[in-house]
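Right, one structure below, let's go through it.
Rule-based calculations on the coordinates, nothing more; no lab input. Treat the numbers as computed from the prediction; the structure is a model and nothing was measured. Glycine also receives a Cβ, built like all others from the backbone with ideal geometry; neighbour counts cover every protein chain displayed.
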Amino acid sequence: MDQETHGETKSATVGLSFSRPAPDTLLVTITGSWQVGGKLPLAEEVQQHLASQPPITRAGFDTTELGPWDSGLLVFLMRLSDICRKAGADVDLAGLPPGIRKLMDLASPENQRSGVTRGGGRPAFLVRVADAALHQVKGVKEVLAFIGEVTLVFLKMLRGRAVFRRLDLITTIQETGAQALPIVSLISLLVGMILAFVAAIQLKLFGAQIYVADVVGIGMVRVMGAIMTGIIMSGRTGAAFAAQLGTMQVNEEIDALETLGFSPVEFLVLPRMLALMLMMPLLCVYSDLMGVLGGMIVGVGMLDLGVVEYVNQSRSSLNLTHFLIGLFHSFVFGILVAVAGCLRGIQCERSASAVGYAATSAVVTGIVCIVVATAVITLSCQVLGI
């Protein structure tokens, strides 16, 4: 019965006392419940003991009778330790519970300063090269892993087992298709006019202005229409994909999907990739028509060619091979733009600035991939003779 009463007193009453087990040692005895909301002693009470003679060189703690405690005790101890150190006394934390010692160590000024980056010289050249190489290797691994996951999800879709919202697919098709027509119209029309201007300057020297229709028609239908559409969609849609997924990464929505058992690649990437794969060839055909129209405006307006004459010359210069090569370009570009945008969005770190970096990186990656893919496809066509 006495022990129970003593336990209740221990948990309910705050106790603080000072003693000197040795002439130069101050022992601080802490008892009772030290919790925020209660009436806690002030750490400044130790100052009168530190000012006594002989001088104190060491301070220790006795917490054998300590009850429940929280941050109130931690604040008291930090203040008391600071006063002792300023008075020239070493503080021994061995008498404190392990939890309090860990918290005081984390909150100590020395530990806080240890994380501060100190100015110094740049790392050695070989160190920088090694870091850059390791970073590139890590990036390649992430890209390959993402492409592999996208491929598996696409095969899963072909089997009819992919899980994603059909409404997301329809909305993305509208955003990447109909809403992109104005900018595609403007750029393609101007590119067609530029090609016609450049060709007309040289062809007029030989009196062969009619072949402007051939230059514009073959250039736009075979490659330029697809390239311009791909670059437009990279800057418009690829950046949007990266920003959308990056914002979801910052808001931990992607983590929530994984927690619920949904694959982010299957639920978020697949609809966007399908939308661009479907819309890019259609936008490419539209871009080809606008480019030919731009060339016809220059041919009719500057070179005194007839509309019927220009159209007939364009029809005679084009064939199905040129058209299919252009469509193949656009199909590949759609995959590359979607993968680049979604990859950078998934890789986005959890900050506002990282979202902007992800969008920028998606545009750069998409354009570089488009240029490289164009070179590969053009070289392949040259080797195959098509």
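Using only side-chain charges placed at the Cβ, +1 for Lys and Arg and -1 for Asp and Glu, the dipole size of the chain relative to its Cα centre rounds to 1160 debye. The loop-placed trypsin sites (Lys or Arg not before Pro) in segment 131-192, going by DSSP, that have at most 16 neighbouring Cβ atoms within 10 Å of their Cβ come out as R159, R161, R165. Considering only A199, V140, Y357, the residue lying farthest towards the positive end of the dipole of the chain is A199, judged by Cα position with unit charges set on Cβ. Charged neighbours of G217, selected by a Cβ distance under 15 Å, balance to -1 (K, R count +1; D, E count -1). Over what distance in Å are the Cα centres of segment 32-71 and segment 306-345 separated? Value for the Cα centre distance between the two parts: 80 Å. Close Lys pairs in the chain, defined as Cα atoms under 28 Å apart and 8 or more places apart or on different chains, number 7.
How far is the Cα center of segment 175-208 from the Cα center of segment 217-296, in Å? About 22 Å separates the Cα centre of segment 175-208 from the one of segment 217-296.
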